[in-house]
Every structure is written in C-alpha cells, then in structure tokens.
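Accompanying notes for the structure given below.
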Amino acid sequence: MKIVVLVKQVPDTETSIKVGDKAINEAGVKWIISPYDEFAIEEGIRIREKTGGEVIAVSLGPDRVVEALRTAYAMGVDRAVHVKVDDYVTFDSTYTSELLANLIKAENADLVIGGRQSIDTDSSQVVIQIAERLNIPHIAMALKLEFDGKKVTATREVEGGTETVETQAPVAVTAQKGLNEPRYPSLKGIMSAKKKPVDVKKPDELGATASKIEVVGLEPPPPRISGRKLEAADAQGFASQLVKALREEAKVI
Amino acid sequence: MADVLIVGELKDGELKKISKELTSAGRKIADAIGGKVHAVIITDNVDKFAGDLKAAGADTIVGANLGDFNPEAYANGIYSIIQEKKPSVVLIPHSSQGKEYSARVAIKANAGIVADAVGLSVDGGKVVAKKPIYSGKAYANFKVTSDIQIFTVRANSQEVTPKDGAGAVEKSGATAGEVRTKSLSKDLSGGNKVQLADASIIVSGGRGIKGPENWPLLQDLADTLGAALGASRATVDAGWISHSHQVGQTGKTVSPNCYIACGISGAIQHLAGMGSSKYIVAINKDGDAPIFKVATYGVVADLFEVVPALTSEFKKVLG
C-alpha cells in the first residue's frame, strides 16, 4: 500500500501578516503545517500501521517547507518529497495540482490524502483537482475512513449532516476535523527526522505546463465599520437599543 | 464567447439566495464584457425558478436533471453544459457542494480557478476576483489567464439587483456520466435548521453560555430571526454541540450580514472564521474580551438577561 500525504506550510493564525505588493513580507512569520493536513498525516500513518506499506509526505513551496516535512517525518512518515517552487505559485491551485498529480502518478499511490482546505487560501481545490487529473474518485470532508487497500468506506460531512459513501482505491480523500487526533512528534522522532533525506523535485522535472492565475496585487483588509459599546441601565434597555440599531442604523434585520 | 455561466443551488426544492446573488453578479460581468448570462439549476423542474432568475438578470435558465448530489455527476453534467454554452466566465457557489465539483470542472475545462471570491470586477475584459487570504489578514486580487475563467463565490458577498434578462427556459440533456462513489446512507439529524454558510444572520454561542442546556436560549433568538445557530470551538470541544455548528479556523468560515456573538471571547481562530461578517454584535460580561475589538455593537452585560430580552423585543417588532 502506498499513501501520499499532502502537507502545506502556512503562516500560524496568530502570526501578524504584513502585506507586500504581490506577496506577504515573510520576516517574523511563524510557519506551521496547515491544521487539516495534520489530520491527513495522522490518518496516513494509522492506515499504514494497520495494513503496512509506505507513507510519503509531499510539500510544495520554497525552501522553508522542508521544516514541515521534518515534522511529518517526526510524526512517522516513511519518505518526504519537496516540490520546490516560489511561494506565490501556491495561489494557483490548477498549477500546483498539475505538479503534484504528475508526481503522484509516478508513485502509483493507492491513497492520496490532504486537508479539506489550507488555512491560508481556504480554496478546497488541490486534492480534488488531483483526483480529477489522475482520473480517480474522491471523498471530501472525511470524518471516518475505513480502507482495506481496495474498498474504501467513509463517513463525510455534508451540508446539514453526514453521509456514508463507498468507493474503490485508488482514491483521494480530504480530511475534516474529527477524523482523528493528530499525534505529537516524539523527541526521538524529532531527533531522527533531522537526518532523514528529503527528495527535491523541480517543476520542469514534473512536466507541468504553466500558471493560470495572475496575481494582480495584495492589499490590507478593508476597514471595519467602526464599533461602539452600547450604554443601558438594564437588559431591557440593551435589547431595545440593539433592535433599533440593527433595524434602523445597520438595516440588517 | 463573452458569456457568463452561473450555477445555482437549491435547498429542499427551493432556490438558495446565492443563486440570485450569482445571477446578478453574472449580469454585471456580462454587461461589462458584452455577453449573455446562462443560469444553470440542477433540477427536473426548472420552470419553477425561471421568474426569479430572469428578474436577477438571466438570459437563459437551464435545467439539468443530474439526480441527487454527487460531485462527479455534477462535474460531468456542468462541464457538458459549459462545452455547449462556451462561456468565458463561470461562477459557482463556494458552498460545500460547489467547492467539490468546481475543482473537477476546472480541470475538465483546462481552466484556472479562484475559489472563495468575495469581490468581482472587470478590468480589460477579464474578471478581477478579490478574496480574503491568511484568515482575512490580507485581501488578494487575482485574474485568471485561461480562456475560461472559473470562480467560486462566497454567499452573501454579492448584491441582488433587479435587472431583467431575456429569461428563456431550456432543458439540458446533460447526464451524470460515470460516477465512482456510491452513497450508502445519509444522517441529517444533527444539522442546523438554517445552514451556516448561507445564513445572512447567525446567532453564535461560546463558553459564556455555561452548558449545553442553555442552547435553547440562543436557538430561540435564532428562530425568531430566521438565523443559523453557530458555536465557538470551546463549546464544540466540550461536547456541548456538534462540530457542524463550529465557526472559525477549524470550523466554518461565514460572512453573514449580522453575527450575534453571545458569550464568545473572540480568540483569533474564531475571528478568522467570522471576521468578515458585515455587522457584529458582541454580548459578553467581560468588557475586555477581544471580540469587542471587532464588534459593531458591544453589549457588556449578562447574556442570560440580554438574550431573552432581545428575543422578546424582536418578536414584538417582527410580529
């Protein structure tokens, strides 16, 4: 069994972001593995622990993403591949999915798993685009996954509840919160991860065509409507003021 | 070749508001680039929606009978309609369904895609899509350089402006094609009465509600306003409510017109999920809570007193 886990490195939510012209200023940014991808790594390792085989972590981005691959090693993946590109390229899901699909095709993976979205662009595109490029089925927003190497049964989140679906491998899956509890890397794992090899692939080796997105520019978020604290003697006073503000001033109710 | 194709969405056989939002946004783009607006609805009863979509600007209203939602079926069917209509711009809801089939449609159409757009404008004949990135700490503008430009669009981000299109109704012969995932069962018992992603009003609770027995207090207010019920991560992790209600980084990203945060302190991960709400009401006893930094209207008081008073006040004025 071969499992490919997609790992994206993103700025920590708590980190402050300085907006440049076409990219962010990376000075002082703390980088983490996108939280949903941690569920994907954990699930990949759990399946391998049950059925045997190999888990390959793949990360696309500039040099710093190697740190994310070291963390994946420390959690227990068997191999790591770095697809080396500039960071802004990751805005273009069709380009990144082409690079990754070409890599995965060569690996002949039974399962491709990644987070349901990355927390930097929230696009929810890459894993399913890879499925389409590889001409395989996908299961999005998995909350529970059973995989015997051939048959895949999953419970997934759908609007208003859950759905249980079945398909055959090879398959691509996106992980939703609730799928598992990602393990913390052990100290031993962290130490040995430092020495493990990271295979580097460049875009021309992977035969991708060209980007289909042009970054026009980045800008700071629009200013919020300025706020105020209401003053009232009691709950009734707050309630009548709020109703008035929402109906007459904001006109939203 | 300058047409716009939008894909609408239904819920329980009724048109979701996003369908009209996309039609209206599509109309504006089509007027700027000189084309028609085709509105696709996955249904065998398209006549029912023709009036509403015509009034939002649709020139053709296309019904496609693709059965129950399956991402591959929708992708196959919508792609064959794209091949027939040859639009240069495609707008798809950034809903749980739209996110799924749009990815496959983009690859089939060999098109670039920008997902989760909140702003759409036209520059030099190309659409410029604006979207929040890095949890809303920055906004990015993108153009798609391929012949077909695909965008998924966040609910409540586009205005519905009345402007009649030609309104011709068509029934498409598009089929579901090959589908490799089989649905075994569905459980819709734990869900929200109103979907968080589409809701224009959300009433949300945090640790300050003290326990799961107090949700009815918030649900009452939500029902009065026709709002969805949201929750902070703390309440979900404590097991007070199902994860499908969670708003924030590891929950849902929402952009309602009005977000009423009750007993929510406003951790940065929560703000990441609701910070783009148009108006934010915060009700919290702790006047130093970070939620007040983003609140349009702040109420420093006990939610157990204010929420019921608010519900009864709204009941009075809303009849």
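Could you tell me the relative contact order of region A:28-79? Use alpha-carbon pairs under 8 Å, at least six residues apart, and round to a whole percent.
Value for region A:28-79: 39 percent.
Indicate the gyration tensor shape class of chain B (rounded, prolate or oblate), computed on the Cα atoms with a ≥ b ≥ c the square roots of the eigenvalues: a/c under 1.5 is rounded; otherwise a/b larger than b/c is prolate and the rest oblate.
Since a/c reaches 1.5 and a/b is larger than b/c, the shape of chain B is classed as prolate.
Which shape class, rounded, prolate or oblate, goes with the protein assembly as shown when its Cα gyration tensor gives a ≥ b ≥ c as root eigenvalues, a/c under 1.5 marks rounded, and past that a/b bigger than b/c marks prolate?
It is oblate, given that a/c is not under 1.5 and a/b is not larger than b/c.
Where Lys and Arg each count +1 and Asp and Glu each count -1, what net charge lies around B:Phe292 among other residues with Cβ under 13 Å from its Cβ?
+3
Mean residue ellipticity at 222 nm from the helices of chain A, using -39,500 (n - 2.57) per DSSP H segment of n ≥ 4 over the full residue count, to the nearest 500 deg cm²/dmol?
Calculated at 222 nm, the ellipticity per residue is -8500 deg cm²/dmol.
How crowded by other chains is A:149-159, given as the mean number of beta carbons from other chains within 10 Å of each beta carbon?
4
Could you work out how far the C-alpha centroid of region A:67-88 sits from that of region B:1-22, in angstrom?
A separation of 40 Å, based on Cα centres.
On a 1.4 Å probe surface of the protein chains, which of A:Asp78, A:Asp204, B:Asp164, B:Asp59 comes out largest in accessible area, and what is the full order?
A:Asp204, B:Asp164, A:Asp78, B:Asp59
With a ≥ b ≥ c the root eigenvalues of the C-alpha gyration tensor of region A:86-158, is it rounded (a/c under 1.5), prolate (a/b larger than b/c) or oblate?
oblate
List the aspartates and glutamates whose Cα lies under 13 Å from the Cα of B:Lys171, skipping any in the same chain that are fewer than 8 positions away.
Those aspartates and glutamates meeting the cut-off are B:Asp44, B:Asp47, B:Glu84.
Normalised by the number of residues in region A:104-253, what is the relative contact order in percent for Cα pairs under 8 Å and 6+ residues apart?
Worked out over region A:104-253, it gives 18 percent.
Calculated from DSSP H runs of 4 or more alone, at -39500 (n - 2.57) each and per residue, what is the 222 nm mean residue ellipticity of chain B, nearest 500?
The helix-only estimate for chain B comes to -9000 deg cm²/dmol at 222 nm.
Leaving ligands and nucleic acids out of the surface, order B:Trp240, B:Trp215 by accessible area at 1.4 Å, largest first.
The ranking, largest first, comes out as B:Trp240, B:Trp215.
When Lys and Arg each count +1 and Asp and Glu each count -1, what net charge do the other residues less than 13 Å away from A:Asp63, Cβ to Cβ, add up to?
0
For A:Lys105 and B:Lys293, what does the FRET efficiency come to when R0 = 51 Å and r is the distance between their Cβ atoms, rounded to the nearest 0.05?
Once the sixth-power term is evaluated, E becomes 0.60.
May I ask for the net charge around A:Gly237, where only other residues with Cβ less than 12 Å from the Cβ of A:Gly237 are counted and Lys, Arg are +1 while Asp, Glu are -1?
-3
May I ask you to derive the relative contact order of region B:212-302, considering only C-alpha pairs under 8 Å and at least 6 residues apart, and to give it as an integer percent?
Normalised by residue count, the contact order of region B:212-302 is 20 percent.
Cross-link list B:Lys20/B:Lys182; B:Lys86/B:Lys182; A:Lys30/B:Lys131; B:Lys163/B:Lys252; B:Lys131/B:Lys293: which exceed 27 angstrom alpha carbon to alpha carbon?
B:Lys20/B:Lys182; B:Lys86/B:Lys182; B:Lys163/B:Lys252
Give me the number: length gained by fully extending B:Asn45 to B:Val122, i.e. 0.36 nm times residue separation minus the C-alpha to C-alpha distance, one decimal in nm.
Contour length minus Cα-Cα distance gives 24.4 nm.
The values are calculated or read from the model by the stated rules, or taken from the named source; none is laboratory data. Keep in mind that what you see is a predicted model, and the values were worked out from it rather than measured. Virtual Cβ from ideal backbone geometry, glycine too; neighbours counted across all protein chains shown. Remember, those area values only see protein heavy atoms, side chains included, never the ligands or the DNA or RNA. Shrake-Rupley method; radii C 1.70, N 1.55, O 1.52, S 1.80 Å.
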